Amino acid sequence: MPITKAESKRNATAVADVPTKPEKTYEGLTRQQLIDIYRLMYLSRRLDDREILLKRQQKIFFQISGAGHEALTVAAGIALKPGYDWFYPYYRDRALVLALGATPYEQLLQAVGAADDPSSGGRQMPSHWGYKKLNIVTQSSPTGTQLLQAVGCAEAGRYFSHHPEAAKKHDGDYRQFKDVVFHGDEVVYVSVGDGTTSEGEFWEAMNSASNLKLPVLFVVEDNQYAISVPVEVQTAGGSISKLVSGFPNLLIQECDGTDPVASYAVMKRAVEYCRAGKGPALVHGHVIRPYSHSLSDDERLYRPESERRQDAQRDPINRMQMFLIRENILNEEEINKLEKSVDDEVLAASQRAEQAALPAADSIYNHVYSPYLDPTTMASEPQPKGTDKTMADLINACLKDELRNDERIVVFGEDVADCSREEYLKQKQIKGKGGVFKLTAGLQMEFGGDRVFNSPLAEANIVGRAVGMATRGMKPVVEIQFFDYIWPAMHQLRNELPLIRWRSNGAFSSPAVVRVAIGGYLTGGAIYHSQCGESIFTHIPGLRVCFPSNALDANGLLRTAIRCDDPVMFLEHKRLYRETFGRSPYPGPDYMVPFGKAKVVKEGKHLSVITYGAVVPRALQAAQRIEREQGISVELVDLRTLSPYDWEAIANSVRKTSKVIVAHEDVLSWGYGAEIAARIADELFEDLDAPVRRVAATDTFVAYQPLLEDVILPQANDLYKAMESLAKF
Ligand SMILES: Cc1ncc(C[n+]2csc(CCOP(=O)(O)OP(=O)(O)O)c2C)c(N)n1
Ligand SMILES: [Mg+2]
């Protein structure tokens, strides 16, 4: 069994001289390895104890321990290869992270919130592991979001081994800054507690990993509780390993997770299975939780003394001590000596960490976005060719160009493939679908089923896997079929995708593109096929949001979205896909529209309309009519991207006309216009001759009956009336 670099370092300070008897091994573990394992377990426990003390002294601000889980997680750490395999641990995995090579000092830097905390630079709570050099990917607090990312990470390893050319660097786009390393047989470790297996994303991850035969090692650390909720409430029948037994290709192993030798035996088997490419494995380890859920919880409120005493008898630290003595590996004196050396090490690390420099207050904006590539400067001129094309045509053309240009791109989502049953395509029995709006038509046929494919009907699955792939260096360009159904992916979109870079203090990034069909004016689209809601996403730092109004912008913005180094939500208005308005000739394979640069669609002098998306053609119609009928000259500004947005263009227009309407299709209250209007009122007050007006949908849902839809969504006539009233003010 390989000993990690960190372990061999630790051996230098290990105590025992191993007796020179014929070497007896324990599931392949040597006596020295068992001593090392005990050292790691004890080190982990003492670090928790130290943090608890520091918390009581108010020198740190939170504590959650890995106590009781040490044997299982050290076993995983030594069965896997740091910096080679990939790791998506959770907060109980302190001992795993130590086994992989993180130091006590590094762990304590996070507890004190130090500038040099390698996991997050003082941004995340303690025990939120992330170590780039060890392939331990930045971890968050939501239970279970790591699972689908681990699946995506495993897919990326497989993808690059099938497409080694794709790993190459490329100047001028995100690839310049995104290193790719792959080996072809790396395993992806992901762990969760028993309670977390109740999350839907657990089941989505199990489904995809086993269906795709991916090398993901799922470790369920079953301590019988999720805070105060016992396992029988979480899991039908009380056993997760029984419950998942129907998944094909899945190796299931159950063990006493308080016994490192038993745990190592199953981990080794599981790792071998995954590494051989046979599929995923699930290790169900039974552990204990001796220190309550966290320092904010007191388990005596819901667990009687008898139950706690029973658990204590299985404490892995005591058990391992007794084992070492029983097997004559260490005597009591040697154990004491080892423990003393660990205690000294922890104390020294703690004293050092308490002195560590704290992050500078002005560092808070670092790594919200990529520091390397600024999408507001990514621009090139169109080279128009051929006849006018629709927005749908030019989005499709951009996807084709970019798939050709960048082998790291994969396209997936619901129904995006031409046909999943490829033999039908090969035998030319069918024409193929390529998206419910046909935006991805022909992509699978040209680029193959491993680059363009259908996902299960599960939005979190789509975005979660994309996050994992993008973290490894791929460029997933995924599709959410209808904005109305984006919500199952909200966790990944709000808590993961845009945060990876910031929360890891720049160590990791996940620049994926999420294309979403959005909007109404469909005549019969009704509530669940007409929603907008862009302000929910512009409210998220770290996420870029585009909302083009015409074919040319859609093509150029999508290219910038794909080539840039930030995560992008690309909102495509369904009604505009095939509209006569805003068609354009194909602008060539390199056309890019910079983010944050609005377009003045029509110059004017009496008032400004700031808008985007499907309101642009409606506002233009109203502006042309009012100029014709009443001589009122309206300036129309199309924002094109909503985050970032072009404040300069807004300010220039308002300074020129002194009157402004902010218009959008989404409901009025708390909408995107509220922010823009507030900023205009704040910063341009002196330039205004009238109140800032807003035109938007009513504060209702979009109804099916066209008569109602017309009243609900802002029409050209509503814009006309608002223009008229403001001009007269
Ligand atoms: C999505 C989400 N819901 C709720 C929480 C609050 N929470 C944090 S840990 C936890 C219990 C987790 O239990 P389990 O998965 O069994 O892990 P354990 O802490 O027992 O190791 C809960 C409810 C959270 N972090 N994320
Ligand atoms: Mg639990």
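Below, the figures for the structure above:
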item: DSSP beta bridge pairing in the chain, given as percent antiparallel to the nearest 5; result: 15 percent
item: Bins of 5 Å from zero: percent of alpha-carbon pairs in segment 247-389; result: 2, 7, 8, 8, 9, 11, 11, 11, 10, 7, 4, 3, 3, 2, 2, 1, 1, 0
item: Cross-link pairs Lys605/Lys659; Lys133/Lys340; Lys431/Lys574 - those with Cα-Cα distance over 18 Å; result: Lys133/Lys340; Lys431/Lys574
item: Relative packing of peptides 355-361, 400-406 - highest average C-beta neighbours within 10 Å first; result: 400-406, 355-361
item: Per-peptide average of other Cβ atoms within 10 Å, ordering 512-523, 382-393, 469-480, 538-549 highest first; result: 469-480, 512-523, 538-549, 382-393
item: Förster radius 45 Å - calculated FRET efficiency between Leu243 and Ile364 (Cβ-Cβ, nearest 0.05); result: 0.55
item: Mean Cα-pair separation over length for the chain, i.e. relative contact order, pairs under 8 Å, 6 or more apart, %; result: 12 percent
item: Ascending count of other beta-carbon atoms within 10 Å, so fewest first, for Tyr131, Tyr38; result: Tyr131, Tyr38
item: Intensity falloff of segment 363-424 expressed as log10 I(q)/I(0), Debye formula with alpha-carbon point scatterers, at q = 0.23 Å⁻¹; result: -1.17
item: Overall dimensions of segment 270-330 as given by Cα atoms, namely Rg and Dmax in Å; result: 17.3, 46
item: For segment 100-135 and segment 594-671, distance of Cα centres in Å; result: 47 Å
item: Cα convex hull volume per residue for segment 38-162 (Å³); result: 100 Å³
item: Segment 55-86 residues near the modelled Asp297 label - backbone nitrogen below 15 Å, point 7 Å along Cα→Cβ; result: 63-69
item: Segment 605-670 shape via C-alpha gyration tensor axes, a/c threshold 1.5; result: oblate
item: Full-extension gain in nm, Glu627 to Ala690, via 0.36 nm per residue minus C-alpha separation; result: 20.7 nm
item: Ellipticity estimate at 222 nm from DSSP helix runs (n ≥ 4, -39,500 (n - 2.57)) divided over the chain, nearest 500; result: -11500 deg cm²/dmol
item: Residue (of Trp647, Val600, Gln630) at the positive-pole extreme of the chain, dipole from beta-carbon charges; result: Val600
item: Cross-link table Lys656/Lys728; Lys132/Lys475; Lys400/Lys599; Lys389/Lys475, entries beyond 22 Å C-alpha to C-alpha; result: Lys400/Lys599; Lys389/Lys475
item: Cα-derived Rg over Rh, computed across segment 308-428 with Rh taken as Kirkwood radius; result: 1.34
item: Size of charge dipole - the chain - debye, nearest 20, with Cβ of Lys, Arg +1 and Asp, Glu -1, no other charges; result: 1060 debye
item: Percent of Cα-Cα distances greater than 26 Å, calculated over segment 494-635; result: 35 percent
item: Gain on full stretching of the segment that runs from Asp682 to Lys605 - 0.36 nm per residue minus C-alpha separation; result: 25.5 nm
item: Relative packing of 115-128, 602-615, 415-428, which averages over residues the other C-beta atoms within 10 Å, highest first; result: 602-615, 115-128, 415-428
item: Mean separation of Cα contacts under 8 Å (6+ apart) over length of segment 187-248, as relative contact order %; result: 44 percent
item: Dipole axis of the chain (+1 Lys, Arg; -1 Asp, Glu on Cβ), positive-most option in Leu719, Thr145, Gly279; result: Gly279
item: Whole-number D in µm²/s for the chain (Stokes-Einstein; Kirkwood sum over Cα pairs; 37 °C, 0.692 mPa s); result: 118 µm²/s
item: Cα gyration tensor shape of segment 197-296, rounded if a/c is under 1.5, else prolate or oblate by comparing a/b with b/c; result: oblate
item: Computed Rg/Rh of segment 500-578, alpha carbon atoms with Kirkwood Rh; result: 1.04
item: Exposure proxy order (Cβ contacts within 10 Å, fewest to most) of Arg94, Arg503; result: Arg503, Arg94
item: For the chain, with +1 on Lys and Arg beta carbons and -1 on Asp and Glu, the positive-most of Gln531, Pro589, Pro488 along the dipole; result: Pro589
item: Whole-Å distance, taken between Cα centres, linking segment 412-456 and segment 682-711; result: 40 Å
item: Contact order normalised by residue count of segment 293-441, Cα under 8 Å, 6+ apart, percent; result: 13 percent
item: Spatially proximal lysines relative to Lys24 (Cα-Cα < 21 Å; intrachain offsets below 8 disregarded); result: Lys268
item: Segment Ser380-Arg309, length gained on full extension (0.36 nm per residue, minus Cα span); result: 18.6 nm
item: Whether segment 150-262 is rounded, prolate or oblate, judged on the alpha carbon gyration tensor where a/c under 1.5 counts as rounded; result: prolate
item: Inter-centroid distance (Cα atoms) of segment 246-281 relative to segment 24-85, Å; result: 20 Å
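Bear in mind these aren't lab numbers, they're just calculated from the coordinates by the rules spelled out. Keep in mind it's a predicted model, so treat the numbers as computed, not measured. No Cβ is skipped: glycine too gets one built from the backbone with ideal geometry, and neighbour counts run over all protein chains shown.
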